[in-house]
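**Q** Below: one structure in structure tokens.
Any read-out appearing in this document is the output of simple, stated calculations on the displayed coordinates, not a laboratory observation. None of the values given here were measured: they were computed from a predicted structure. Virtual Cβ from ideal backbone geometry, glycine too; neighbours counted across all protein chains shown.
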Amino acid sequence: MLVLGFESSCDETGVALVQWQGQAMPTLLSHALYSQIEMHQAFGGVVPELASRDHIRRVLPLTQEVLAKSGCALGDVDVVAYTSGPGLAGALLVGAGVAWALAAALDQPVLGCPYAERPWLRTLLWRLPPQFPFVALLVSGGHTQLMQVDGVGRYALLGETIDDAAGEAFDKSAKLMGLGYPGGPALAAMAEAGDPQAYKLPRPLLGSGNLDFSFAGLKTAVLVQAQKMLAAQAAEDSGSPVLPVQANAGSTQGFERLAPTLRSNLAASTQAAIVDVLVKKSMKALQQTGLKRLVVAGGVGANRSLRAQLNAACAKRGVRVHYPELHLCTDNGAMIAMAAAMRLQSGQQQASTRYAFDVKPRWPLDSL
Ligand code: KG4
């Protein structure tokens with residue numbers, strides 16, 4: 001069986017071809033990806049309408065590329081898969097529309113799959129895939145969740161953020177520090193030379209007794225601290241006394257002109273606050289479930305400080321920790337084709353030829 005998968009839920013257009021036979025693990029034949037990050041950078045975040053229009057431009061050339069790389073023809077495709085949610089409604093509709101139109105033209109069935117399960121499925125493509133069951137820490141730009149994963153489609157939500165995601169906390173704090181989008185990697189780079197204990201920033205919900213997260217307050221604390229630093233600098237420049245700073249008063253304009261040590265210290269303190277909460281809650285989830293395997297998924301999983309601290313905490317508890325292989329971090333088209341193949345293979349879902357479709361911009365993972 002040959003599955004052609006389309007992913008267009010946010011700012012990347014991904015297309016992939018996956019093949020499987022019997023009960024053997026599906027294999028990835030080829031994939032292609034176009035990232036819109038450069039286009040959205042000018043706006044400091046993803047502009048949904050621009051994202052949808054760009055998906056329209058990219059999706060067919062990427063499909064041709066994937067077919068050419070695999071040596072397969074369009075007529076060889078048995079099932080067409082696409083991301084049906086969650087994501088940006090307009091962007092999702094592009095992938096859905098292309099998938100259904102192509103399937104109708106080929107007279108083949110279609111399957112819509114949830115994008116949100118891709119981080120766990122991606123682990124199956126790793127050189128050393130983790131075995132089920134495991135605790136999964138999903139830390140991306142839109143999600144921060146702890147899940148117990150017992151198998152494909154078998155997830156139990158242990159805890160999640162009640163407001164901002166961890167990646168969002170990185171991105172929003174980075175923006176306050178005058179760094180570009182996406183801010184996570186830039187803030188992490190600036191933090192390298194800084195002192196993580198220079199500023200005391202909040203660790204919300206650390207003692208809440210549950211596995212939920214909250215990162216919205218951190219952004220305000222970073223804003224107030226940055227403004228204090230700017231006020232101190234202004235007082236030093238003018239020789240006048242430092243004026244008290246009020247939360248949300250004014251902006252952080254001029255932050256990039258502060259001394260590099262000060263900026264690095266704030267970046268390091270911000271990163272430490274996020275990492276500290278992620279590590280402690282992950283350890284609590286492992287203790288609660290009794291599981292000895294932790295799988296980290298999502299873009300924030302690339303953070304070196306997070307990795308170092310998780311490694312240390314897991315080593316103490318005899319827990320094996322798996323991280324995303326960085327070269328496979330953004331092949332989301334592959335994940336959708338993979339998800340479709342595994343859902344069909346396990347009989348969990350049937351592909352359809354009822355040519356009418358919908359998308360689900362919101363789709364909680366534990367309801368899949
Ligand atoms: O999972 P992902 O690639 O995309 C989705 O959200 O779907 O995650 C992107 C997030 C962004 O918020 C980005 O700033 C963050 O991951 N990120 C990082 C690092 N690399 C990416 N955050 C902290 N440190 C990093 N090295």
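**Q** Can you compute 3J(HN,Hα) from phi for each residue in segment 87-97, using the Karplus curve 6.51 cos²θ - 1.76 cosθ + 1.60 with θ = phi - 60°, rounded to whole Hz and x for Gly and Pro?
**A** Going residue by residue, I get x, 7, 4, x, 5, 4, 5, 5, x, 5, x Hz, with x marking Gly and Pro.
**Q** Relative contact order of segment 15-121, please, whole-number percent, based on alpha carbon pairs below 8 angstrom and at least 6 residues apart.
**A** Dividing the mean separation by the residue count of segment 15-121 yields 24 percent.
**Q** Sticking with this one: Place the peptides 254-264, 75-85 in order of packing, highest mean first, counting for every residue the other Cβ atoms within 10 Å and averaging per peptide.
**A** In descending order of packing, they fall as 75-85, 254-264.
**Q** May I ask for the angle, rounded to the nearest 10°, between helix 166-176 and the longest principal axis of the chain, with both axes built from Cα atoms and the value confined to 0 to 90°?
**A** 50
**Q** Still on this structure, please answer the following. How would you rank 2-8, 86-92, highest first, on the average number of other Cβ atoms within 10 Å across their residues?
**A** Averaged packing, sorted descending, gives the order 2-8, 86-92.
**Q** Would you pull out the residues with amide H under 5 Å of residue 215's amide H, same chain only if 5 or more places away, H placed 1.01 Å from N?
**A** Hits under the 5 Å cutoff: 162, 163, 164.
**Q** Follow-up question, since we're still on this one. Consider just the alpha-carbon atoms of the chain and return their Rg together with their Dmax, both in angstrom.
**A** Using the Cα atoms of the chain, the pair Rg, Dmax is 22.2, 77 Å.
**Q** Amide H neighbours of residue 84 under 5 Å, at least 5 residues apart or on other chains, H built in the peptide plane: list them.
**A** 113, 115
**Q** Something else about it: Counting only C-alpha contacts under 8 Å and six or more residues apart, can you give the relative contact order of the chain as a whole percent?
**A** Once normalised by length, the contact order is 24 percent.
**Q** For segment 7-22, what does the Karplus curve 6.51 cos²θ - 1.76 cosθ + 1.60, with θ = phi - 60°, yield as ³J(HN,Hα) per residue in whole Hz, taken in order and with x for Gly and Pro?
**A** Rounded to whole hertz, the list is 10, 8, 6, 9, 10, 9, 9, x, 10, 8, 10, 10, 10, 8, 9, x.
**Q** Amide H of residue 159: which non-local residues (sequence gap of 5 or more, or other chain) have their own amide H closer than 5 Å, using H built in the peptide plane?
**A** 146
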